[in-house]
Amino acid sequence: MADFKRLHCFLCTGSGCVSSGVWQVREALETELEKQGLTDEVELINTGCAGLCERGPRIGVWPDEIYYQNVTPAQVPDLVTEHFLKGRPFEPARLTDANTGEIVRSEQDFQFLSKQHRIVLENCGVVNPEAIEEYIARDGYMALGTVLSEWTPQQVIDTIKSSGLRGRGGAGFPTGLKWQLLADARSDVKYVVCNADEGDPGAFMDRSVLEGDPHRVMEAMIIQGYATGATKGFIYCRAEYALAITRLDIAIKQARAYGFLGENLFGTGFSFDLEVRVGAGAFVCGEETALMQSVEGKRGQPMPRPPFPTQKGLWGMPTSINNVETYAAVPWIIRNGAEAYSNIGTERSKGTKVFALAGQVRNTGLIEVAMGITLREIVEQVGGGVMNDRPFKAAQIGGPSGGCIPAEHLDTPLDYDSLTSLGAILGSGGLIVMDDTSCMVDVARFFMEFCVDESCGKCGPCRAGTRQILETLNDICEGRASMEDLDRLEKLGLLMKDMSLCALGQTAPNPVLSTMRHFRYEYEAHINNHKCPAKVCRKLLTFEVDREVCTGCGVCARNCPVDTIFKEDGERKYYIVQDACTRCGTCFDVCNFNAVVKE
C-alpha cells in the first residue's frame with residue numbers, strides 16, 4: 001500500500017529561492033520534523049520556480065493551501081510546531097499581498113495571479129522536476145503517446161500551424177511553418193535543437209522552465225522529431241544554468257529508462273534521442289547560426305543566411321531550432337487542441353507569453369499572461385504597482401534587443417505588432433519596470449555596454465558601431481557631447497540595423513533609438529544644460545552637504561578620494577570644495593544620515 005502522508009510541503013527550489021537559502025530551510029525542516037516525530041506525517045517536496053521570486057524561500061502546504069514567504073531557518077521550529085503539530089497557520093511567515101499587506105488566503109485571491117494564464121508554467125512550482133512520475137501524473141508524455149499512436153506527422157504540423165504558435169525567442173516566426181520546412185527537407189539525417197542560451201540581462205524565463213519542468217520541453221522535441229523526420233535532438237544550454245543542466249541530465253536518464261527516449265518508441269518504429277550541449281555563455285550564441293557553430297565545437301560566430309538552418313544546419317544537415325518557451329507550449333496544444341490555444345491572445349499573436357518581471361515593481365518574478373494584455377495591467381495588477389508609489393516612467397522590454405515603452409503608452413497591448421509600432425520588440429520576455437529615478441540615457445548606455453562586451457567582432461558594423469555608440473553615450477552622460485552627436489547616434493543606429501550580419505548587431509541600437517524617440521528631452525538636457533533630470537549621471541551632478549542635517553561624523557571626509565571635504569576651525573559641520581570635486585559621489589554613498597544631497 002502506498003505511503004500516504006498527512007501533509008505535503010512544497011519547497012520552491014528554483015535558482016531564486018536557492019540563492020535565498022531554501023536548502024538551509026529544508027535542512028532545518030528535516031531536523032525539526034524528526035525532532036517532533038512528524039517525519040512519517042509530512043512529506044517535503046522540491047519543486048521548480050513558483051513565480052514570486054522576491055518572496056523566496058517560498059513554501060506551500062497542501063491540502064491546507066497555506067503559503068509562506070521569506071522563510072528563514074530560525075522560523076522553522078515555530079512553523080513546524082504551529083502548523084504541522086497544532087494545525088494552525090504560522091502567521092508571521094504567511095504570504096501577503098504587496099499592496100495591502102493582508103494575508104493571502106488562497107491562490108485565487110492573490111493579486112499576482114489574478115491576470116495570469118498558465119500554460120507553459122502549469123507544472124512549475126507543482127511537480128518535483130527530478131521525478132518523472134510526477135510529470136506523468138500531470139498528463140506528461142500523454143501528447144507524445146497520442147501523436148505516435150494516432151496521428152500522422154502532417155497532422156502534428158497542421159495542428160501547430162492552426163494553433164498560431166509563433167516563436168517565443170524574439171523574432172516571432174510561425175512555429176508550424178518552421179516545422180513544415182524541416183519536414184519538407186530531403187535528407188536521411190535531420191536535427192532539432194532547443195535554444196536555451198538565454199542571456200538577456202534580467203531574463204530568467206527559459207532557465208525557470210528547464211529547472212521546474214524539463215520533461216515538458218523534452219516531450220515537445222520528441223514530438224517535433226516525429227513530425228519532421230528528425231531522430232536526434234540537442235538542448236543547448238548556457239553553463240551558468242547549472243541547476244537546469246543537472247535537472248535536464250536527470251530527466252533524460254529517466255525518460256530513457258521509461259522508454260520515452262531511445263529506439264522504437266511506443267512500439268511504432270520511431271526512434272529519437274536527446275543530448276545536452278553546454279555553451280560557454282556567449283550572448284551571440286543565442287543567434288541560431290552561431291549556436292550551431294558552438295554545438296559543433298567551433299567558435300560561436302554567426303554565418304550569412306541563406307542557406308537557412310532547415311536547408312543546411314548542424315553538420316550540413318537540415319535543422320530546426322526553437323527556444324524553450326516555444327517548445328513548452330506544444331504538449332498543451334496537442335492535448336487541448338489548436339483551437340483552444342488560438343482562442344487565447346490576439347488575432348496575430350496567439351497564446352500566452354512568459355515574462356521575467358523585474359525592476360521597480362512590488363511583485364517581481366516569473367509571470368505568464370495572455371498575449372494582448374496591456375502593460376498597465378501587468379504593472380498595476382500583476383506587479384502590484386510601482387514601488388514606493390513613485391510614478392511609472394518606462395518599461396524596458398526585450399532586453400538589449402528591445403526598447404523602452406514610456407508612460408503615455410501604458411495601455412499598449414503586449415503583442416508582436418503593437419510593440420513594433422513603438423520601436424520595441426517582444427523579445428524573449430525580459431520586462432524591467434522603471435520609475436522616475438531612472439535616467440533613460442544611462443539605461444541605453446547600460447545595454448550598449450552589454451552589447452559591446454558580447455559582440456563577437458566578426459562584422460564591422462557591429463564591432464565598431466556598438467563601441468562608437470557607447471563612446472557617444474559616455475560623452476552625453478559626462479557632459480562632453482553636442483547636439484550633432486544625437487544625429488550621429490541615430491544615423492549610426494540605423495546603419496547598424498541595415499548592415500550587421502546577425503540579430504545582435506541589427507537590434508543592438510534598439511534601446512538607444514527607442515529612448516531617443518520617447519525621451520529625447522533627457523538627451524537634450526544632458527547636452528544643453530549639463531544636467532541629468534533623474535540625478536543619475538554623476539558627472540553632471542553637484543554634491544553638497546546639508547549643514548542642517550550633517551552630524552559632523554566625518555565619514556564623508558575620510559572616504560573622499562581627492563580630499564575635498566573639510567570643516568571650519570571650531571565647527572562640526574562639513575562642506576565640499578566644489579572646484580576640486582570630481583563628482584564621484586562617494587560622499588553621497590557613505591553618508592548614513594542623508595546629509596549629502598545631489599543636484
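Quick look at the numbers
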{"quantity": "Check: the chain dipole with +1 on Lys, Arg Cβ and -1 on Asp, Glu Cβ, in debye", "calculated": "1280"}
{"quantity": "The chain, relative contact order [Cα under 8 Å, separation at least 6], %", "calculated": "11"}
{"quantity": "Phe593/His530 FRET efficiency (R0 25 Å; Cβ-Cβ; nearest 0.05)", "calculated": "0.30"}
{"quantity": "Point-to-point label distance, Ala407-Asn70, nm (Cα→Cβ direction, 7 Å offset)", "calculated": "2.8"}
{"quantity": "Cα gyration tensor category, rounded, prolate or oblate, for segment 132-341 with a/c compared to 1.5", "calculated": "rounded"}
{"quantity": "From the C-alpha gyration tensor of the chain, square roots of 5λ in Å", "calculated": "44, 35, 20"}
{"quantity": "Charge dipole (segment 227-343, unit charges on Cβ, about Cα centre) - positive-most of Asn343, Leu265, Gly281", "calculated": "Gly281"}
{"quantity": "Lys/Arg +1, Asp/Glu -1 at C-beta; segment 444-526 dipole; positive extreme among Thr515, Phe450, Ala525", "calculated": "Phe450"}
{"quantity": "Positive-end extreme of charge dipole, segment 284-401 - chosen from Ile378, Ser401, Gln301 (charges on Cβ)", "calculated": "Gln301"}
{"quantity": "Loop GluC sites (Glu not before Pro), segment 80-175 (other Cβ atoms within 10 Å of the site Cβ: 12 or fewer; DSSP)", "calculated": "Glu102"}
{"quantity": "Added length on full extension, which subtracts the Cα-Cα distance from 0.36 nm per residue, Glu548 to Val577", "calculated": "8.7 nm"}
{"quantity": "Loop-located GluC sites (Glu not before Pro) in segment 476-562, at most 15 other Cβ atoms within 10 Å (DSSP)", "calculated": "Glu478, Glu548"}
{"quantity": "Rounded if a/c under 1.5, otherwise prolate or oblate - segment 477-558, Cα gyration tensor axes", "calculated": "prolate"}
{"quantity": "At R0 = 22 Å, FRET efficiency that the Cβ-Cβ distance of Ala171 and Leu494 yields, to 0.05", "calculated": "0.65"}
{"quantity": "Tensor-based shape of segment 302-448 (alpha-carbon gyration tensor, a/c under 1.5 rounded, otherwise prolate or oblate)", "calculated": "oblate"}
{"quantity": "Computed [θ] at 222 nm, deg cm²/dmol, the chain (DSSP H ≥ 4; -39,500 (n - 2.57); rounded to nearest 500)", "calculated": "-10000 deg cm²/dmol"}
{"quantity": "Rough spin-label spacing in nm, given labels placed 7 Å along Cα→Cβ, for Asn264 and Lys567", "calculated": "8.8"}
{"quantity": "Distance in nm between pseudo-label sites at Ala257 and Asp417 (7 Å out along the Cβ direction from Cα)", "calculated": "5.0"}
{"quantity": "Full-stretch length increase - Trp315, Lys298 - with 0.36 nm per residue and alpha-carbon distance subtracted", "calculated": "5.0 nm"}
{"quantity": "Coil-residue trypsin sites (Lys or Arg not before Pro) of segment 480-585, DSSP, other Cβ within 10 Å capped at 12", "calculated": "Arg572"}
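Taken together, the values in this text are just the output of simple stated rules run on the coordinates, not laboratory data. Quick caveat, the model's predicted, so the values are computed rather than measured. Ideal geometry is used to build each Cβ from the backbone, glycine not excepted, and the neighbour counts take in all protein chains shown.
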